[in-house]
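These notes are about the structure you will find just below.
The values are calculated or read from the model by the stated rules, or taken from the named source; none is laboratory data. Note that the structure is a prediction, hence the values are computed from the model and not measured. Heads up, the Cβs are rebuilt from the backbone with ideal geometry, glycines too, and the neighbour counts pull from every protein chain shown. Heavy atoms of the whole protein, side chains included, go into the accessibility calculation; ligands, DNA and RNA do not. Shrake-Rupley method; radii C 1.70, N 1.55, O 1.52, S 1.80 Å.
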Amino acid sequence: MEPLDLDDPAALLGTWRLERQILDDRADGEARRMLVDGHARFVAYVPGLIEWREEGVLHHPAGDLPVSATRFLRREGSLWHVEFADGRPFHDWVPGTEVVHGCEPDVYVGLVSAADDSGWGMRWAATGPAKSAVIVSRYRRGGPAAG
């Protein structure tokens, strides 16, 4: 299977099953492993702007919690950027190249990578004075995850 060509985010249009694993090594010395099951939808409303909406359930030690996030992929010239829902910049969209998002006092280092023609992934490492987490998201073609 050939990997997806993620250089053009139009390859993402449609619905994806989302599986996310979060390993959170808190400053209190207690490591927490949490999972998110859900789905992501990518919709282009106008050329050069793609809405990226995720919804799911976080399986947390204290109980299951609904989670959601909306971001946008915006093209500026030949480059794509990821923005938060309120328009603030998040990171450049450069699959295969590490990106950095500073969120003082923490730093997030991410990587988007294609797995094959039916899936892709993102990995974030978050570090800071009270933070040490790795977040790995897998996206597979298809509808919402079974509840």
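Condition first: surrounded by 12 or more Cβ atoms within 10 Å (Cβ to Cβ), of a type outside the set (A, V, I, L, M, F, W, C) and not in a strand (DSSP E or B). Now tell me which residues in region 9-33 satisfy that.
If the condition is that a residue be surrounded by 12 or more Cβ atoms within 10 Å (Cβ to Cβ), of a type outside the set (A, V, I, L, M, F, W, C) and not in a strand (DSSP E or B), then 9, 26 are the ones that fit.
Among the listed residues 106, 92, identify the single one that is more than 20 Å from residue 134 (Cβ to Cβ), acidic (Asp, Glu) and without any contact (Cβ under 8 Å) to a residue 60 or more places away in the chain.
92
Considering every residue within region 41-56, establish whether at least one is open to solvent by 60 Å² or more (accessible area, probe 1.4 Å), in contact (Cβ under 8 Å) with a residue 12 or more places away in the chain and in contact with a Gly (Cβ under 6 Å, 6 or more places away or on another chain).
Within region 41-56, one or more residues are open to solvent by 60 Å² or more (accessible area, probe 1.4 Å), in contact (Cβ under 8 Å) with a residue 12 or more places away in the chain and in contact with a Gly (Cβ under 6 Å, 6 or more places away or on another chain).
Any chance you could count how many residues in region 115-147 are in a strand (DSSP E or B), open to solvent by 40 Å² or more (accessible area, probe 1.4 Å) and not β-branched (Val, Ile, Thr)?
The number of residues fulfilling the criteria is 7.
Name the single residue that is farthest from the chain's Cα centre (by Cα) among those in region 34-86 being on the phi > 0 side of the Ramachandran plot and not in a strand (DSSP E or B).
Ranking the qualifying residues of region 34-86, first place goes to 77.
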